[in-house]
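> Before we start, here is the structure in question, set down as structure tokens.
The values are calculated or read from the model by the stated rules, or taken from the named source; none is laboratory data. Predicted model, so just to flag it, every value in this text is computed and none were measured. A quick note on method: Cβ atoms are made from the backbone with ideal geometry, for glycine too, and the neighbour counts reach across all protein chains shown.
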Amino acid sequence: MQRLLGNQFHIKRGTALDYNINFPNLHIYLDHVGKSIQIGNFTIAYYGIVIAFGMLAGLMIACYQAKKTGQDPDTYVDLALIAIICSLIGARIYYVIFRWDYYKDDLWGIFRIREGGLAIYGGVIAAILTTFIFSKVKKIPFGRLCDTAGLGLLLGQIIGRWGNFFNREVFGGYCDNLFAMQLPLSAVRASDVTEELMEHVVELDGVRYIQVHPTFLYESVWNLALLILLLLFFRRRKFEGEIFLWYLFGYGVGRFWIEAVRTDQLKIPGTGCPVSMVVAAAFAAGSLIWIICGRGRAKKGTVR
């Protein structure tokens, strides 16, 4: 039985049902989806496990693609050892900068990464800079590295987004479409809950749920489709770096519309403008222009 509860925001914690995640229109009801696993005296967050698995899978596909295209897979192992660390730092710095009001009174919270709070675009920017420096040191074409490593980055994003599922974060506003997801109100950050979500709170077995767009799922599926297209297109690239540019374009287009429905948007200070929408639009537009110019030069035989 469901009933609307109005705008009251009283959170009751501690019941077993607080760990449920439902997809009512798909008739999928997941009981006790935990946020961590206990091994001895150590608590390991599923968020961290998923991110680590995404990194490993990304490295594997990059090495596979390197071997397939006649490159040395060890090059990408060396790159990954540096780029992964730099990307994590970049993703965290980017997130903290645009959520400074949240962290300014809790500086130690900046280091609690397993609670969530990594901005993908911060990681992408850090990865690009790291790869550029690596290409200069190793004297390997930057575009070649980006095309191959970019596939690994994309697969890592596909998998990594499911860390948000376990953390009950990165969701959108109220919806009642086929993929609508219900999360216990007590299991999410209060700052991510909008007035619209509170107006549509429902109660099931004594637990109050918000019903949201599962934007983490939208992005994961979008990126999976993009990865398949890039793998199919790889042999048809006209110049080195084109695959990565198509990634920036495709991801930018998807992220722009997905970001529009999220409730946890990072805003440009002093404005109500979501920074990720601006960055996504800039990357998409810039990469498309670069692709058009690059393919034009390739047609004239001025680039490889």
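> Here are some conditions: (1) surrounded by fewer than 17 Cβ atoms within 10 Å (Cβ to Cβ); (2) modelled with pLDDT under 90; (3) within 24 Å of the chain's Cα centre (by Cα); (4) within 30 Å of Ala180 (Cβ to Cβ). Asp31 meets all but one. Which one does it not meet?
Of the numbered conditions (1) surrounded by fewer than 17 Cβ atoms within 10 Å (Cβ to Cβ); (2) modelled with pLDDT under 90; (3) within 24 Å of the chain's Cα centre (by Cα); (4) within 30 Å of Ala180 (Cβ to Cβ), the odd one out for Asp31 is (3).
> Then there's this: Taking the conditions exactly as written (within 12 Å of the chain's Cα centre (by Cα), in a helix (DSSP H, G or I), in contact (Cβ under 8 Å) with a residue 24 or more places away in the chain and buried (at least 20 other Cβ atoms within 10 Å of the Cβ)), does Tyr251 satisfy them or not?
The answer is yes for Tyr251.
> Let me ask you something else. Can you pull out every residue in segment 56-82 that is surrounded by 19 or more Cβ atoms within 10 Å (Cβ to Cβ) and either out of contact with any helix residue (DSSP H, G or I) (no Cβ under 8 Å at 6 or more places or on another chain) or not polar (S, T, N, Q) (or both)?
Within segment 56-82, Gly58, Leu59, Ile61, Ala62, Cys63, Ala66, Tyr76, Leu79, Ala80 meet the criteria.
> In addition: Residue check: is Glu242 at pLDDT 95 or above and under 23 Å from Arg99 (Cα atoms)?
Judged against the criteria, Glu242 is not a match.
Rundown of residues vs (1) part of a helix (DSSP H, G or I); (2) in contact (Cβ under 8 Å) with a residue 24 or more places away in the chain; (3) within 24 Å of Ala149 (Cβ to Cβ), yes/no style:
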{"site": "Leu230", "(1), (2), (3)": "yes, yes, yes"}
{"site": "Trp246", "(1), (2), (3)": "yes, yes, yes"}
{"site": "Arg255", "(1), (2), (3)": "yes, yes, yes"}
{"site": "Asp264", "(1), (2), (3)": "no, yes, no"}
{"site": "Gly270", "(1), (2), (3)": "no, no, no"}
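> Output the residue which, of all residues in segment 102-146 that are in contact with a Gly (Cβ under 6 Å, 6 or more places away or on another chain) and farther than 25 Å from Val278 by Cβ, is surrounded by the fewest Cβ atoms within 10 Å (Cβ to Cβ).
Within segment 102-146, the match that is surrounded by the fewest Cβ atoms within 10 Å (Cβ to Cβ) is Arg114.
> Oh, and also: Testing Leu231 on (1) under 24 Å from Trp162 (Cα atoms); (2) surrounded by 21 or more Cβ atoms within 10 Å (Cβ to Cβ), one condition comes back false. Which one is that?
Leu231 satisfies all of (1) under 24 Å from Trp162 (Cα atoms); (2) surrounded by 21 or more Cβ atoms within 10 Å (Cβ to Cβ) except (2).
> Something else now. Assess whether Ala190 counts as being farther than 22 Å from Ile82 by Cβ and over 20 Å from the mean Cα position of the chain (by Cα).
Judged against the criteria, Ala190 is a match.
> Checking the structure you have, find out if any residue of segment 174-191 is of a type in the set (Gly, Ala, Ser) and assigned to a strand (DSSP E or B).
The answer is no; no qualifying residue exists.
> Restricting attention to segment 168-190, which residues are farther than 14 Å from Asp18 by Cβ and aliphatic (A, V, I, L, M)?
Val170, Leu178, Ala180, Met181, Ala190
> Would you be able to tell me the number of residues in segment 95-137 that are in contact (Cβ under 8 Å) with a residue 60 or more places away in the chain, within 18 Å of Gln157 (Cα to Cα), out of contact with any Asp or Glu (no Cβ under 6 Å at 6 or more places or on another chain) and part of a loop (DSSP other than H, G, I, E, B)?
Selection size over segment 95-137: 2.
> Next up: Name the pairs whose Cβ atoms lie under 8 Å apart, with the first residue in segment 286-299 and in contact (Cβ under 8 Å) with a residue 12 or more places away in the chain, the second acidic (Asp, Glu), and 6 or more positions between them or separate chains?
Going by the 8 Å Cβ cut-off, the qualifying pairs are Ile291/Glu242; Gly294/Glu242; Arg295/Glu242.
> Of the residues that make up segment 208-222, is at least one in a loop (DSSP other than H, G, I, E, B) and either farther than 23 Å from Asn22 by Cα or in contact (Cβ under 8 Å) with a residue 24 or more places away in the chain (or both)?
Yes, segment 208-222 contains at least one residue that is in a loop (DSSP other than H, G, I, E, B) and either farther than 23 Å from Asn22 by Cα or in contact (Cβ under 8 Å) with a residue 24 or more places away in the chain (or both).
> Restricting attention to segment 67-91, which residues are within 17 Å of Gln157 (Cα to Cα) and in contact (Cβ under 8 Å) with a residue 24 or more places away in the chain?
Ala80, Ala83, Ile84, Cys86, Ser87, Leu88, Ile89, Gly90, Ala91
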